[in-house]
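Q: A single structure is presented below for examination.
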Amino acid sequence: QVQLVESGGGLVQPGGSLRLSCTASGFTFSMYVMTWYRQAPGKERELVARIGSAGGSKNYADSVRGRFTISRDNTKNTVHLQMSSLKREDTAVYYCNAEGMGYWGQGTQVTVSS
């Protein structure tokens, strides 16, 4: 069955960095656009970043462009989100998703606080 397992979250001070990872299984990873979403308390889930199936096309939400970088390794069925210059408003649960598939992992909590 489809599985998406996110990891790498934690508590970080403003201005710090984190690298999130998502390991996928149960489908042909290299054929799918992969995305990172986040959901903050009391807010709707929002798209953060998107990467094409071959990794050549990348898109970012305005709020993270220039600070976050999405990447993927199709040999390891993984997608990453490198987050830098973190702000308090980046605090959320982060989820990866294969575009067009209705599966979500458990997410990984990112808390930006001093």
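Q: Can you find a residue in the range 102-114 that is closer than 19 Å to VAL2 by Cβ, open to solvent by less than 80 Å² (accessible area, probe 1.4 Å) and either basic (Lys, Arg) or at pLDDT 95 or above (or both)? Steps first, answer last, please.
A: Narrowing the range 102-114 to residues closer than 19 Å to VAL2 by Cβ: 102-108.
From what's left, open to solvent by less than 80 Å² (accessible area, probe 1.4 Å): 102, 105, 107-108.
When the remaining residues are screened for being either basic (Lys, Arg) or at pLDDT 95 or above (or both), the result is 107-108.
Checked against the condition, which is being closer than 19 Å to VAL2 by Cβ, open to solvent by less than 80 Å² (accessible area, probe 1.4 Å) and either basic (Lys, Arg) or at pLDDT 95 or above (or both), the range 102-114 yields at least one hit.
Q: Sort out which residues of the range 80-99 are of a type outside the set (D, E, K, R) and closer than 30 Å to GLN1 by Cβ, and write them in order of number. Full working, then the answer.
A: Within the range 80-99, the first condition is being of a type outside the set (D, E, K, R), and the residues that meet it are 80-86, 91-98.
HIS80, LEU81, GLN82, MET83, ALA92, VAL93, TYR94, TYR95, CYS96, ASN97, ALA98, listed by residue number.
Q: Hey, can you tell me all the residues within the range 64-94 that are under 14 Å from the mean Cα position of the chain (by Cα) and either open to solvent by 70 Å² or more (accessible area, probe 1.4 Å) or among the hydroxyl-bearing types (Ser, Thr, Tyr) (or both)?
A: Those that are under 14 Å from the mean Cα position of the chain (by Cα) and either open to solvent by 70 Å² or more (accessible area, probe 1.4 Å) or among the hydroxyl-bearing types (Ser, Thr, Tyr) (or both): ARG65, THR69, SER71, THR78, SER84, THR91, TYR94.
Q: Name the single residue, out of those in the range 7-21 being within 20 Å of LEU47 (Cβ to Cβ) and in contact with a Leu (Cβ under 6 Å, 6 or more places away or on another chain), that is surrounded by the fewest Cβ atoms within 10 Å (Cβ to Cβ).
A: This residue is GLY8.
Q: Taking VAL48 as meeting all but one of (1) within 12 Å of the chain's Cα centre (by Cα); (2) loosely packed, with under 15 Cβ neighbours inside 10 Å; (3) of a type in the set (A, V, I, L, M, F, W, C), write down the number of the exception.
A: Every condition holds for VAL48 apart from (2).
Q: From (1) over 14 Å from GLU99 (Cα atoms); (2) touching a residue at least 60 places away in the same chain (Cβ under 8 Å), pick out the condition that doesn't hold for TYR32.
A: (1)
Q: I'm told LEU4 meets every condition in (1) out of contact with any Cys (no Cβ under 8 Å at 6 or more places or on another chain); (2) of a type in the set (A, V, I, L, M); (3) open to solvent by less than 60 Å² (accessible area, probe 1.4 Å) except one. Can you identify the failing condition by its number?
A: Unmet for LEU4, out of (1) out of contact with any Cys (no Cβ under 8 Å at 6 or more places or on another chain); (2) of a type in the set (A, V, I, L, M); (3) open to solvent by less than 60 Å² (accessible area, probe 1.4 Å): (1).
The values are calculated or read from the model by the stated rules, or taken from the named source; none is laboratory data. Not measured: the values here are computed from a predicted model. All Cβ positions, even for glycine, are placed from backbone atoms using ideal geometry, and neighbour counts span all protein chains on display. Remember, those area values only see protein heavy atoms, side chains included, never the ligands or the DNA or RNA. Shrake-Rupley method; radii C 1.70, N 1.55, O 1.52, S 1.80 Å.
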